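Let me begin by presenting the structure, written as structure tokens, before commenting on it.
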């Protein structure tokens, strides 16, 4: 059985000024969201073998915070996940996933579209949200429409001051 954790990056600083969108960092709320997801993973002993993330600054930071709690291998960053479509996300996952439990950290609207494609749902992922999808097979090449089941939705509840 395969398990995919789709994690939308935490809340980022507002776009504008001289900051290029790709280089936008997490704000305090986004950092807290990523820490909350990581802490829950650690407390529950969730076994993640691989993290694949967009190369954008906010997704890198989100993935690195999660990885801190998991103490895992280096994260695989892929710039082509930046604002990727559902089709591109699937292509990258099939190409790079090499374990049974994978976290993919990325952006909307591609992530929401991918969840809905895999699990026949109408979910819109908010920042910091994690969706766990389970598959009843062991080959990433078999993922496709309606092949997964949403096992869990984790939406961090944090307040910014």
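Taken together, the values in this text are just the output of simple stated rules run on the coordinates, not laboratory data. From a predicted model like this one, the values you see are computed outputs, not experimental measurements. Cβ coordinates were reconstructed from backbone atoms using ideal geometry, including for glycine residues, and neighbour counts include every protein chain displayed.
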Sites residue 158 and residue 80, calculated FRET efficiency, Cβ-Cβ separation with R0 45 Å, nearest 0.05: 0.90
Most mobile listed residue (14, 28, 96) in the chain, GNM with C-alpha springs under 10 Å: 14
Prolate/oblate/rounded call for region 37-87, Cα gyration tensor, a/c under 1.5 rounded: prolate
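Classify the chain from the C-alpha gyration tensor, please: rounded if a/c falls under 1.5, else prolate or oblate depending on whether a/b exceeds b/c.
Prolate is the answer for the chain, as a/c is 1.5 or above and a/b outweighs b/c.
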Extension reserve of the residue 101-residue 146 stretch, reckoned as 0.36 nm per residue once the Cα distance is removed: 14.3 nm
Rough spin-label spacing in nm, given labels placed 7 Å along Cα→Cβ, for residue 20 and residue 68: 2.6 nm
Rg ratio (alpha-carbon, reference 2.2 N^0.38 Å) - region 1-63: 1.25
Helix-only CD estimate at 222 nm, as mean residue ellipticity for the chain, using -39500 (n - 2.57) per DSSP H run (n ≥ 4): -10000 deg cm²/dmol
Acute angle (nearest 10 degrees) that the helix 86-96 long axis makes with the longest principal axis of the chain, alpha-carbon atoms: 70 degrees
Cα-Cα pairs of region 68-161 separated by more than 22 Å (percent): 28 percent
Between 0 and 90°, nearest 10: helix 110-119 axis offset from the chain longest Cα axis: 30 degrees
Between helix 57-70 and the chain: long-axis angle, C-alpha atoms, 0 to 90°, nearest 10: 70 degrees
DSSP-defined beta bridges in the chain - what % are antiparallel, rounded to 5: 50 percent
Stretch gain in nm, segment residue 139-residue 120, where the contour uses 0.36 nm per residue and the Cα spacing is subtracted: 4.9 nm
